[in-house]
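The values are calculated or read from the model by the stated rules, or taken from the named source; none is laboratory data. Computed from a predicted model, the values in this text were never measured in an experiment. Positions of Cβ are generated from backbone atoms using ideal geometry, with glycine treated the same way; all protein chains shown enter the neighbour counts. In case anyone asks, the SASA skips ligands and DNA or RNA and just uses the protein heavy atoms, side chains included. Shrake-Rupley method; radii C 1.70, N 1.55, O 1.52, S 1.80 Å.
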Amino acid sequence: MSLVFIAGKDISSPKAKDSSLGEGVRYTSIADPSEFIDLYETKTSVSLDTLAVSNESRLYTPISTRGTAPSGSHILFIVTVETKDTDEARDEFHRCCEEEHVPLLSKVPGFFRARRYKLESFAGTSTKPHGFIAIYEVESPAFMKEQGLLDSVSTAWYQKVSEEVVVDKSKGLWALQN
């Protein structure tokens, strides 16, 4: 299932109007409540150029999912990553995530689900977004202080990949908009 990600800086912006998208879910930035993202999961092919939005939009294809979707209130911890542009670097990054990092995260109290995606296309910005996105669904911002999270980013393998393979990274916390 593909993911359409739309980001904006005006919370009053309407959601995308495209029948192939269905109903999206809006989240607001915990750091800056005027910023939002709308997430749409779709099984059909989507052209970002046809979406009726003036905001940045991205189309991602799934890499992996681990865990169970939350049934109620939750927070998104979103990390975007750009790796070195070699197959070997990308393979090492994905192996580390799949074999060590996400399994460790899945044991942390307050963890619901991790979804990882690869960027396929983007529109509404002249700057290419990072090539990969991880969406961690967690119970609350307190998750960020859990020792298990700190342990998952402190392993020798994770540190090696971060230093030798990852070129750039961004992260943020997002709250479900009611």
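Listing for the model above:
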quantity	calculated
All positions within the stretch 80-89 that are open to solvent by 20 Å² or more (accessible area, probe 1.4 Å) and in contact (Cβ under 8 Å) with a residue 60 or more places away in the chain	Glu82, Lys84
Criterion: at pLDDT 95 or above and either over 18 Å from Ala7 (Cα atoms) or not in a strand (DSSP E or B) (or both) - qualifying residue of Ser73, Ser64	Ser64
Selected residue (criterion: nearest to Glu82 (Cα to Cα)) from residues of the stretch 114-151 that are at pLDDT below 95 and of a type in the set (Val, Ile, Thr)	Thr127
Selection within the stretch 95-112 - in a strand (DSSP E or B) and either open to solvent by 40 Å² or more (accessible area, probe 1.4 Å) or out of contact with any strand residue (DSSP E or B) (no Cβ under 8 Å at 6 or more places or on another chain) (or both)	Phe112
Selection count, the stretch 152-175, where residues are part of a helix (DSSP H, G or I), open to solvent by less than 70 Å² (accessible area, probe 1.4 Å) and of a type outside the set (S, T, N, Q)	3
All positions within the stretch 127-151 that are assigned to a strand (DSSP E or B) and either β-branched (Val, Ile, Thr) or over 18 Å from the mean Cα position of the chain (by Cα) (or both)	Ile133, Ile135, Val138
Residue within the stretch 17-32 that is part of a loop (DSSP other than H, G, I, E, B), of a type in the set (A, V, I, L, M, F, W, C) and in contact (Cβ under 8 Å) with a residue 60 or more places away in the chain present	yes
Criterion: closer than 26 Å to Leu150 by Cα, open to solvent by 20 Å² or more (accessible area, probe 1.4 Å) and of a type outside the set (A, V, I, L, M, F, W, C) - qualifying residue of Ser34, Ser45, Ser64	Ser64
Residue, most open to solvent (accessible area, probe 1.4 Å), within the stretch 122-136, restricted to residues that are farther than 21 Å from Phe93 by Cβ and not hydroxyl-bearing (Ser, Thr, Tyr)	Gly124
Single residue of the stretch 16-31 satisfying the filter (open to solvent by less than 60 Å² (accessible area, probe 1.4 Å) and charged (D, E, K, R)) that is modelled with the highest pLDDT	Arg26
Some residue of the stretch 122-134 being in contact (Cβ under 8 Å) with a residue 12 or more places away in the chain and polar (S, T, N, Q)	yes
The stretch 113-152, residues that are touching a Ser or Thr at 6+ places or on another chain (Cβ under 8 Å) and among the β-branched types (Val, Ile, Thr)	Ile133
